[in-house]
Amino acid sequence: MPTFLYVFYIKLFGLTMLHSKLINPSSIAVIGGSEHIDHIGGSVLKNLIDQPYPGDLYVVNPKRKSVQGISAVAHVSELPKTDLAIFAIPASEILPAVQELVQDKGTKGFIIYSAGFGELNEAGKKLEKEIAEVISKAGGSLLGPNNIGMINKYFAGIFTRPVPKITKYGVDFISASGATAVFTIEAAQQIGLSFSGLYTVGNSAQIGVEEILEYLDISYNKKESSRIKLLYVEGVKHPEKLLEHALSLKIKGCTLVALKAGRTSKGQHAAASHTGAMANPEVFIQALFKKAGIILCESRYELITTGAILQSLETIPKNIGIITHAGGPAVILTDVLTQNKLSVPDLSERHKIELSSMLYPGAATSNPVDMLATGNADQLRTVLEYCEHEVDQIDSIVVIFGSPGLGSVKAPYEVIHKMIASCKKPIFAIMPSVVNVKNEIKSFIEKGNTAFYDEYLFGTCLARIAAVDFTDYRRALVEKGRLNTIQGLIESQIKGFLSPKVCFEILSEIGIPVVSQRIVTSKSELEECCDHVSFPVAQKVIGPLHKTDQKGVILNVNSKQDLVENYTSLMKIEAAEGVLIQEMIRGKEVFIGAKREPGFPPLIMCGAGGIYVETLNDRTQSLAPINASEAQKMVESLRIYPILKGLRGKASCNLEAFYKSIELVSGLMLQNPEITELDINPLILNDAGITAVDARIMIK
């Protein structure tokens, strides 16, 4: 999308704008530019000169008339009209300079490297906010503060080194951390991954990861923009914005890969329900990434390896051929691929015989094809050509080729280079001898190739790519059902947990079957109830939050005498308000839960139920809306799924009823924002259907 259309779109919908003068400035002023390239102001100036930046470049330095060959002025007031200002001066000096640039110089783009703002103390946070407000009121864009800047095809606005190689076919990288960005760039250079753009947001005073992603989405041009977006995220401020633009980019053909820091919790507070205990904010973020089809990585090396694999792919490979001269790494790669449901298919007898004729005696030709340590460049070329043209069982090829340090591998690496360029099947090169043949690997990368160095890391990342299951959730429809009745039930209650009676009424109303039951609050009600009970039954205390912990659940009650005695003991429990008497139902215990977190769509969870739900931790989750197909995938991912499906001649449970119940809870949460937490545990699932026997619903 052209810049002017992007600006029009932003203004029309009132969204955060990345001003064109931040992205493609005609002039740049470095405030605090220095001769010392080991200082921030000197380093960014050198990077701008070395790229080189084609526009007008200015420097503000009160002590010099010229800096690195660029004319310098003593104060921002002496600058001409300036599109972009880059700050490398103390935090305390920035606000007045920003005010003058906005008012007198027409500056719309700002990058602030300086620290000493919100990350330091409240005073710094206030100063950061004031600067952002000045820039926002002027319609400008601020990247930072406390970042390393940005780089794209127009200018190198970063002060760090190395400066990443910018190419049309590189990846876009958005990072919340400047240091992580630098370390990631270094790792990327080791394997040959190039970049199309780098954006570091620092404190995100105005522009965060979500706003950069929004810009990359709205300005996306299939012929010119990168189709691979890498993210380093420490927190998500605007979940729905991230989800919206991630989905939009996916639909346009992009793949998003993220590394999320801070995924563990040092401890959790006691929660009022199982769902509340398990659905912490990090669970929401992981569900958000999954809903958006974002590949989630565990390390910087996984991030850049995944990005590099994606650069070579048009379609996801499923059947991989492995060619090697070292058996061990090939076995490791085979293991990780097959364990993650990718295929390393055995070759036919014809292929084995023909490959054997190309190699030395003793070579393995099944798949992996092991050329032995004595395999040479000519044999490698012949095997690759054969696999490309003759072996239909594979759709991609991995070559593992290193050296014990006894000679050069220049010739086989040249073969791999030429075959990557000429073959239709994607070829991936794993070159593990990073010390013995570092010069040959460097030459291979300089020709525009990617050299992976670890077979397990490569296989893990390829499996992550293949496992992504993306569906555009925005196409899901929410059935209104009996919305008015449910809202009436909710509105008649006070804030907090609804009574069991109302919970079960709501579940019945949306179509989830509930157990046959009676609530008794007095002995006279119990006497009346006894005349209608079909034993065995369960008795549960009403009132306490954790009934089982209080010994408030008694199962398999078989007589009127036991019923009366149990009632008396249950009502002695602190906070007891009554006793629930329920029909006993046999089947497998499962659960469905839901919770809200500000800014996120409702989170829906399901899994193995019962009193050990948190201990077993056999659960999965997704953000609403959830249709029947997605609900099925959620259930199939559970460890308990084979048991629910039926093992050793046992009848299968009615899984369709489970899927439908998940879908119904999703609709309930979307239609009723007053519901903040829901926990149906357990639901009894058997071959006849599904039945809710306990439920908690909280409203606000």
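For region 293-352, the set of trypsin sites (Lys or Arg not before Pro) satisfying both a DSSP loop assignment and a count of at most 15 other C-beta atoms within 10 Å is given as Lys318, Lys341. In straight-distance terms, cross-link reach from Lys442 covers every one of the lysines whose alpha-carbon lies under 22 Å from its own, apart from those fewer than eight places away in the same chain; here that gives Lys165, Lys168, Lys410, Lys418.
List the relative contact order of the chain as a percent without decimals, with contacts defined as Cα pairs under 8 Å and 6+ residues apart. Write out the running numbers ahead of the final one.
Values: 1375 pairs, mean separation 61.4, N = 700.
Taking the mean separation of contacting Cα pairs over the length of the chain, I get 9 percent.
Take region 516-584, drop everything but the C-alpha atoms, weight them equally and run the Debye formula without solvent; then report log10 I(q)/I(0) at 0.16, 0.18, 0.23, 0.24 Å⁻¹ to two decimals. Log10 of I(q)/I(0), two decimals: -0.44, -0.56, -0.94, -1.02. Each peptide in 612-622, 182-192, 116-126 was scored by the mean count of other Cβ atoms within 10 Å over its residues; highest first, the order is 182-192, 612-622, 116-126.
Taking 8 Å as the Cα distance limit and 6 or more residues as the minimum spacing, I'd like the relative contact order of region 588-699 as a percentage. Normalised by residue count, the contact order of region 588-699 is 31 percent.
Between the amide H of Ile228 and those of Asp172, Thr255, distances stay under 5 Å, these residues lying 5 or more places away or on another chain, with hydrogens modeled in the peptide plane.
More than 25 angstrom separation, counting every C-alpha pair in region 320-467; what % is that? Beyond 25 Å sits 21 percent of the P(r) for region 320-467.
Against the main long axis of the alpha-carbon atoms of the chain, helix 655-671 sits at an angle near 70°. Loop-located trypsin sites (Lys or Arg not before Pro) across region 506-561 with a Cβ neighbour count of 16 or fewer within 10 Å are Lys551, with loop assigned by DSSP. The translational diffusion coefficient of region 588-699, from Stokes-Einstein at 25 °C and 0.890 mPa s with a Kirkwood hydrodynamic radius over alpha carbon pairs, comes to 176 µm²/s. Summing charges over all other residues whose Cβ lies under 12 Å from the Cβ of Met605, with Lys and Arg as +1 and Asp and Glu as -1, gives -2.
Along its principal axes, the chain has C-alpha extents of 98, 78, 40 angstrom, given from the largest down. Just round it to a whole percent: the fraction of Cα-Cα distances in region 321-408 exceeding 18 Å. Within region 321-408, distances greater than 18 Å cover 39 percent of Cα pairs. To the nearest ten degrees, helix 377-389 and the longest principal axis of the Cα atoms of the chain are 50 degrees apart. Cross-link reach is defined here as a Cα-Cα straight distance under 22 Å, omitting same-chain residues fewer than 8 places apart; for Lys290 the lysines meeting it are Lys229, Lys237, Lys241, Lys250, Lys252, Lys260, Lys318, Lys341, Lys595, Lys633, Lys660. In this simple spin-label model, placing a label point 7 Å from the Cα along the Cα-to-Cβ direction at both Arg586 and Asp346 gives a separation of 4.4 nm.
Of the trypsin sites (Lys or Arg not before Pro) found in region 416-456, the ones in coil according to DSSP and having at most 15 other Cβ atoms within 10 Å of their Cβ are Lys424, Lys447.
Near Tyr360, no amide H atom lies under 5 Å from its own; only residues 5 or more places off or on other chains count, and H is placed 1.01 Å from N.
Counted residue by residue at 0.36 nm each, then reduced by the alpha carbon distance between them, the extension gain from Thr338 to Ile49 reaches 99.1 nm.
Under the classification rounded if a/c is under 1.5, otherwise prolate if a/b is larger than b/c and oblate if not, where does region 3-151 fall, given a ≥ b ≥ c as square roots of the Cα gyration tensor eigenvalues?
Numbers: a/c = 1.71, a/b = 1.23, b/c = 1.38.
Because a/c hits 1.5 or more and a/b fails to exceed b/c, region 3-151 counts as oblate.
Annotation: average projected area of region 128-272 is 11.2 square nanometres, based on the convex hull of Cα atoms across all directions. Peptides 301-309, 56-64, 216-224 ranked from most to least packed, by the mean per-residue count of other Cβ atoms within 10 Å: 301-309, 56-64, 216-224.
Read-outs throughout are calculated quantities, based only on the coordinates presented, and are distinct from any laboratory measurement. If you're wondering where the values come from, they're calculated on a predicted model, not measured in any experiment. Note that each Cβ is placed from the backbone with ideal geometry, even for glycine, and that neighbours are counted across all protein chains shown.
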